[in-house]
Structure formats: C-alpha cells, structure tokens
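Asker: One structure follows; several queries about it will come next.
The values are calculated or read from the model by the stated rules, or taken from the named source; none is laboratory data. Because the structure is a prediction, the values reported are computed rather than measured. With ideal geometry, Cβ positions are generated from the backbone for all residues, glycine too; neighbour counts draw on all protein chains shown.
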Amino acid sequence: MDVFVARQPIFDRENRVFAYELLFRDGFENSCSFPDSEKATAQVITNTCTALGLEGLTSGKPVFINFTKDSLVNGLVELIPPENLVVEILEEVAPDREVLTALRRIKAKGYTIAIDDQFTYDPEMDPLYSLADLVKIDLLEREGRLDRELLNHCRELKLKVLAEKVEYLSQHRECMDLGFDFFQGFYYQKPEIKSGLAVPSVQLARLRIFKELLKPELNLHELQQIIQVDVSLTYRLLRYLNSSFFSWQSEVDSVARAFSLLGENNIRRWLSLAVIADLTDKKSSLLAVSSLERAFFCEAMAVHCRVEINPDHAYMAGLLSLLDTILGISFAEILKELPLPEPIALALNGETSDLRALLELFDLCQRGAWDDTFPLSEKLGVSTDKVAEFRLDTICKAGELISEG
C-alpha cells in the first residue's frame, strides 16, 4: 500500500533551507481534507518513521510536525529525537494544565517548540509563548497585513518568528524588512508530495527479528522471549525439532530446550528461514523455497570454490536475495532497515564481487542457461559439473526442509 506525506521547505534569511514542514496527505492531490487532526499527526509520524524514512525526507534537516493536545499529552512527540523535530502546536490547542505540563516535559528533554497559525496577539496565549522558541505568523489570515503588536510581543520574549503563507514578493520584502527569521509559503515553494510503500506490521516484526539475527553475537535470551510469545514460531520450532530429521531420546517440549539443542548457528539459520517463510506467506511459498535453494547453493559454492568467500555470508546473501520481490521494495530501502555485513549488502545491491557472482551463477542455473555458467564457474574455480551437482542437491535439501519445518 502506498503512503504519502507532503514536504514544504522553510528558509532562513539567507534563502537557505532551515527545515521542512511535514503535512498529511492521502494521495497525490496536493491538498488535505482530513477532518481528524489527531489521526493526521499520527499518520505523518508513522509514514515518516517507517515507510519513507526521516533522513531520506529531510537530508538531516529538522522537521516541523503539527501536534494536537492529545498527541502532546500522550507522548507522541517522543517518537522522533529532539534534534530532528520542531514541535508545532496547532492553533486549536488551548494552554490548559495538561498541555503546559506536557510542554514543560518535552522542553526539558530538548525539543524545540513552535506555535502555529498566529495572526493577532492574544494575552491568553502567553503561557504558551513563555514555553515556545518560535512563533509562526500567518500572513494569509489577515490578507497579508501584519499585527505589529504580535510581532513586538514575540521580540520582547526573544522568540524567533516565522512568516508563513507568504505568497507574494511584496510580502517577502516586508517580512525581511521587519526582521523575520524564517519564511515559508507558496512564494518560495509549494508542498512536494513524497510517497513510499508501507510495509505491513507483521513484516516489520519479522524484519526486527532479522536485525537481531544479523548481530555478531546473538542475544539468545531476547530471541527466546520473542519466540515464546509468538505462537506460530513456537509451534514450528518444536515441530521441526520433533520431526524425522532428529532422533532425540525424549520429546522437545520447550523453546528453552530447543535452543540448547540447536546451538547458536542453527538457531540463526532456522529463524532466518522461518522469517522468510512468514514474509512470503501472502505471496507464494515458491519464493520461500527458492530463497532457501539460493542459500544452500551459495553456501556450498563458497565452501568449495577457489576464491575466499565466507560461507555464512554466502548463505545469508542467498536467503535474502529475493527479499526485494517478497516485500515489493528496493534493496536500497531494505538496507536502511537491515544492518547487513558490507559484503552481503554490496552483493544484494548489485555491486560486482565474488559473492555477487554466486548469486548470478544461481540465476543462470535456475534459468537452465548452462552454457553461460562456464565463465563464472571458471572464475570461482568450480567445474560446471560440480555446479550442476550443487544445484540438484539444493533443490532436494530445500524441499525436504520446507516440508519438515
């Protein structure tokens, strides 16, 4: 499912981008008719932090995001680090006790606070002004006429002031003459819609498991806790260990015992396979089988080839080599979420390497292009007969493991 957010730059007096405001959008139409401000704020944060990525949207610049009373009180602000966020208080938010308590809390944590859509001075807003760092003055509301009392009050409090909804050169010049610090509006740039693909929550949960598996040293206790609260993973793990692959003296009846029997390397491998199987569940089990075939093939080639390739890297590269197809997003986006070892990341991204050559060799075998395998097999120091043998072995091995697991 595609998700959207609009991004509008905010400029300083030197015409440099100081920050971006992120705005709710539900499609490519550059307007917002969403009636629920609370849900709009939550959607902007969710889309920014998951599907789109904060760094990709802002290139390291801070973001202004609108917050309602509920989103302030409920701590939604703290989902984004203070160095990346300007908390923009919507004009509808009254300075009651709950709001002021929430603002003092986030102020103490280092967040910058801005008051949105001000156009005339209102003494009742003074409690908010006392906690703010910046005030956005709306030029459109008063047809471009500035309230000098509001501007002077901001100056007395040493607040930065931002001219918003600037639409004409004359307005820009006037605001520059009056000493405004920042500028935003159609005169500079209209909001630009950014879109991305939302990864379903189940898939995100499985990718988090992958993150744990990719750490050099597994936190076995944490992984055990993850599996024990996941009925599907627990069932499949115990089913696997009680299958015909093994001949234990007694039934394996707990995750803790399963971990002690498997050992770290096999835990890593079994969970990797389980995650791939879950990610492909809604698409095709053939993708899971093919991923496993690739893993076994690349591992076998790494063990027997003349060049030096880490077999564990080869296995993981093969297993993950269809992840872009499974998730429907590019490897460039996937690699932002998965901290893969550099050789694996480069191979999956298409960079030339011996590890990449293994993936390309498998693709040729899978297509039946045996005549084309010779240059790569020669480069890797493995005969084409051996390549064909590995390919056949991995088909059988993957099929057996999938049926048992």
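Asker: Only one of these conditions is not met by Glu83: (1) out of contact with any strand residue (DSSP E or B) (no Cβ under 7 Å at 6 or more places or on another chain); (2) buried (at least 17 other Cβ atoms within 10 Å of the Cβ); (3) closer than 22 Å to Arg7 by Cα. Which number is it?
Answerer: Here Glu83 clears every test but (2).
Asker: Now a separate question. Restricting to the stretch 342-367, what's the tally of residues that are among the polar types (S, T, N, Q) and part of a helix (DSSP H, G or I)?
Answerer: In the first step, residues of the stretch 342-367 are kept if they are among the polar types (S, T, N, Q); the result is 349, 352-353, 366.
Now restrict to residues that are part of a helix (DSSP H, G or I): 366.
Selection size over the stretch 342-367: 1.
Asker: Given the conditions (1) at pLDDT below 80; (2) farther than 21 Å from Glu192 by Cα; (3) touching a strand residue (DSSP E or B) at 6+ places or on another chain (Cβ under 7 Å), which single one is not true for Ile89?
Answerer: (1)
Asker: Is one or more of the residues making up the stretch 297-315 within 22 Å of Ala332 (Cα to Cα), assigned to a loop (DSSP other than H, G, I, E, B) and not charged (D, E, K, R)?
Answerer: There is no residue in the stretch 297-315 that is within 22 Å of Ala332 (Cα to Cα), assigned to a loop (DSSP other than H, G, I, E, B) and not charged (D, E, K, R).
Asker: I need the full set of residues from the stretch 142-187 which are more than 36 Å from the chain's Cα centre (by Cα) and either part of a loop (DSSP other than H, G, I, E, B) or outside the structural domain of Phe18 (by TED's automatic domain parsing) (or both), in order please. If you could, list the steps in order and put the result at the bottom.
Answerer: Initially, the stretch 142-187 is screened for residues more than 36 Å from the chain's Cα centre (by Cα), giving 142-158, 168-179.
Hits for the stretch 142-187 are Arg142, Glu143, Gly144, Arg145, Leu146, Asp147, Leu157, Lys158, Tyr168, Leu178, Gly179.
Asker: Turning to a different aspect of this structure: Test Ile106 against the criterion of being within 26 Å of Val166 (Cα to Cα) and of a type in the set (A, V, I, L, M), and give yes or no.
Answerer: On the way: within 26 Å of Val166 (Cα to Cα): no; of a type in the set (A, V, I, L, M): yes.
No: the conditions fail for Ile106.
Asker: If you don't mind, another one. Residues in the stretch 352-364: is at least one modelled with pLDDT of 85 or more, more than 30 Å from Lys211 (Cβ to Cβ) and more than 34 Å from the chain's Cα centre (by Cα)? Working first, answer last.
Answerer: Restricting attention to the stretch 352-364, the residues satisfying the condition of being modelled with pLDDT of 85 or more are 352-364.
Keeping just the survivors that are more than 30 Å from Lys211 (Cβ to Cβ) gives 364.
Those still in the list that are more than 34 Å from the chain's Cα centre (by Cα) too: none.
Checking the stretch 352-364: not a single residue is modelled with pLDDT of 85 or more, more than 30 Å from Lys211 (Cβ to Cβ) and more than 34 Å from the chain's Cα centre (by Cα).
Asker: Hey, another quick one. Output the residue which, of all residues in the stretch 250-276 that are among the hydroxyl-bearing types (Ser, Thr, Tyr) and without any contact (Cβ under 8 Å) to a residue 60 or more places away in the chain, is nearest to Ile227 (Cα to Cα). Reasoning before the result, please.
Answerer: Going residue by residue through the stretch 250-276, those that are among the hydroxyl-bearing types (Ser, Thr, Tyr) are 250, 254, 260, 272.
Next, from what is left, pick out any that are without any contact (Cβ under 8 Å) to a residue 60 or more places away in the chain: 250, 254, 260.
Values: Ser250: 21, Ser254: 11, Ser260: 14 Å.
Ranking the qualifying residues of the stretch 250-276, first place goes to Ser254.
Asker: Run Val77 past the list (1) in contact with a Ser or Thr (Cβ under 9 Å, 6 or more places away or on another chain); (2) surrounded by fewer than 21 Cβ atoms within 10 Å (Cβ to Cβ); (3) part of a helix (DSSP H, G or I) and report the number of the one that doesn't hold.
Answerer: (2)
Asker: Same structure, new question: Could you grab me the full set of residues in the stretch 376-387 that are outside any loop (DSSP other than H, G, I, E, B) and surrounded by 12 or more Cβ atoms within 10 Å (Cβ to Cβ)?
Answerer: Of everything in the stretch 376-387, those that are outside any loop (DSSP other than H, G, I, E, B) and surrounded by 12 or more Cβ atoms within 10 Å (Cβ to Cβ) turn out to be Leu376, Ser377, Glu378, Lys379, Leu380, Thr384, Lys386, Val387.
Asker: Identify all residues within the stretch 214-240 that are in contact (Cβ under 8 Å) with a residue 60 or more places away in the chain and surrounded by 15 or more Cβ atoms within 10 Å (Cβ to Cβ); write none if there are none. Steps first, please.
Answerer: Going through the stretch 214-240, the residues in contact (Cβ under 8 Å) with a residue 60 or more places away in the chain turn out to be 214, 236, 239-240.
Leu214, Arg236, Tyr240 - these are the residues of the stretch 214-240 that are in contact (Cβ under 8 Å) with a residue 60 or more places away in the chain and surrounded by 15 or more Cβ atoms within 10 Å (Cβ to Cβ).
Asker: If you don't mind, there's one more thing I want to ask. Residues Ala347, Ala314, Ala398, Ala388: which one is under 30 Å from Asn242 (Cβ atoms) and at pLDDT 90 or above? Give the steps one after another, and end with the answer.
Answerer: Values: Ala347 fails: under 30 Å from Asn242 (Cβ atoms); Ala398 fails: at pLDDT 90 or above; Ala388 fails: under 30 Å from Asn242 (Cβ atoms).
Exactly one of Ala347, Ala314, Ala398, Ala388 is under 30 Å from Asn242 (Cβ atoms) and at pLDDT 90 or above, namely Ala314.
Asker: Which residues, taken from the stretch 240-276, are more than 33 Å from the chain's Cα centre (by Cα) and among the basic types (Lys, Arg)?
Answerer: Of everything in the stretch 240-276, just one residue is more than 33 Å from the chain's Cα centre (by Cα) and among the basic types (Lys, Arg), namely Arg257.
Asker: Which one is nearest to Asp324 (Cα to Cα), of the residues in the stretch 223-238 that are at pLDDT 80 or above and over 28 Å from the mean Cα position of the chain (by Cα)?
Answerer: Leu237
Asker: Mind checking whether some residue in the stretch 95-114 is surrounded by 13 or more Cβ atoms within 10 Å (Cβ to Cβ), part of a strand (DSSP E or B) and at pLDDT below 90?
Answerer: No, because not a single residue in the stretch 95-114 is surrounded by 13 or more Cβ atoms within 10 Å (Cβ to Cβ), part of a strand (DSSP E or B) and at pLDDT below 90.
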